[in-house]
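Remarks on the structure that follows.
The values are calculated or read from the model by the stated rules, or taken from the named source; none is laboratory data. On a predicted model such as this, the values are computed, not experimentally measured, just so you know. Methodologically, a virtual Cβ is constructed for each residue, glycine included, from the backbone with ideal geometry; neighbour enumeration extends over all protein chains shown.
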């Protein structure tokens, strides 16, 4: 065990310990560690179980305890991306029995608060099975939106009513049961090489909640009230309470908070560069830690940014371009001259600080849920270019439900990129200005939910009480 005692906080509820087990990807580790900070601030002792792959640094979270669980992933699976790695990780956990051993050790530890429950990422059924074998209750953290929670539990309906399998002729069809989504926003398992893999993906998204003692969602009543009501209506008969505790990056305190959850080294020089820019003038561009683009798409993005005439801060990390993994991809010849004085390119940025900076007036994003929440919280309108999974539905909500962004659909082409950027950043008398106004209004609603007495603060209090009752 490392990272300090992980003792309880000041409100006197340090009579119980909770264990947390994140999926080892940036977009899943961050909200789990942020949840850890919120729980510890309310008096719970917190132990974080983690794999060797993408292990968090205990030194950056001194109030939490950390237990390494060897993952034993075969070398070929460790090199895979996305769902293949998640499936391999679960298989290795189940085969090795090491998660069960780690939990059993925590349960038997003398001189420590009792272990009340395990909070696991929704994609780790192997960890849930290990806990069930020990009689340890589990709660499930969903790192996506409430809308996507509902979507992934609706696939039987989508097939039954003919939305899936999708065809070229029905991609633009609205899904009446899940507005504002269209068929094109759906993950379609039939398009995968293996039907079995498609079913496993859907099972991962749903089975852990069904077997849990509670569902934790990183969202807010202010952002998704309708979706959360429907989730409560669905889960209540099953005795599974949902807790809308987001945005977690603003509820976390101390050890789990803010930028300390980043796995990548951040270039803080970009903040000084932003200090020299005019208010609301800069377009921040980042496609997250996992999304990848082709070389052709990368070039179109570059020239679209250059021709837009707008100042921009662009995150170009290693691995962003397919086939270029060892180093950040090279920018096209002539790009520097075309964007001279207007652009800054970094390998990684302190995103929360960047989005909160007064110079930033727009965010070109892959529509990952964490990035979307961070942008909504700061009132920054978005240019959404989703790639896969829940990003597709999130991009649709940004553009068509909350109406705080532009959805960039179809092929990435420099002319379309330039047009979208100008619409987002310059059209103050038209749709751009209206989006900015809606983004500001939504920001205020979401901020109220995390203030003292707000809906998300109340949800965390109820979550802690629920954990102590298990």
Completion exercise
Scanning the stretch 127-149 for residues that are buried (at least 20 other Cβ atoms within 10 Å of the Cβ) and in a helix (DSSP H, G or I) gives 127, 128, 130, 131, 146, 147, 148, 149
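Can you name every residue in the stretch 24-33 that is buried (at least 24 other Cβ atoms within 10 Å of the Cβ) and either outside the structural domain of residue 459 (by TED's automatic domain parsing) or within 13 Å of residue 119 (Cα to Cα) (or both)? First the steps, then the outcome.
Start the filter on the stretch 24-33 by keeping residues that are buried (at least 24 other Cβ atoms within 10 Å of the Cβ), which leaves 30-33.
31, 32, 33 - these are the residues of the stretch 24-33 that are buried (at least 24 other Cβ atoms within 10 Å of the Cβ) and either outside the structural domain of residue 459 (by TED's automatic domain parsing) or within 13 Å of residue 119 (Cα to Cα) (or both).
Any residue in the stretch 385-396 that is under 18 Å from residue 313 (Cβ atoms) and in the same structural domain as residue 436 (by TED's automatic domain parsing)? Working first, answer last.
So in the stretch 385-396, the residues under 18 Å from residue 313 (Cβ atoms) come out as 385.
With the extra rule that they be in the same structural domain as residue 436 (by TED's automatic domain parsing), the set shrinks to 385.
Yes, that holds for at least one residue.
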Exercise for the section: Output yes when any residue across the stretch 223-231 is farther than 20 Å from residue 31 by Cα, modelled with pLDDT of 95 or more and either assigned by TED's automatic domain parsing to the domain that holds residue 443 or assigned to a loop (DSSP other than H, G, I, E, B) (or both), and no when none is. Expected result: no
Problem - Only one of 197, 216, 240 that is closer than 28 Å to residue 444 by Cα and either assigned to a loop (DSSP other than H, G, I, E, B) or assigned by TED's automatic domain parsing to the domain that holds residue 149 (or both) - result: 216
Completion exercise
Among (1) more than 21 Å from residue 156 (Cβ to Cβ); (2) surrounded by fewer than 20 Cβ atoms within 10 Å (Cβ to Cβ); (3) modelled with pLDDT of 95 or more, residue 193 falls short only on (3)
Handout entry: All positions within the stretch 302-342 that are modelled with pLDDT of 95 or more and part of a strand (DSSP E or B)
Key = 312, 313, 314, 315
Exercise for the section: Output yes when any residue across the stretch 392-399 is under 15 Å from residue 27 (Cα atoms) and in contact (Cβ under 8 Å) with a residue 24 or more places away in the chain, and no when none is. Expected result: yes
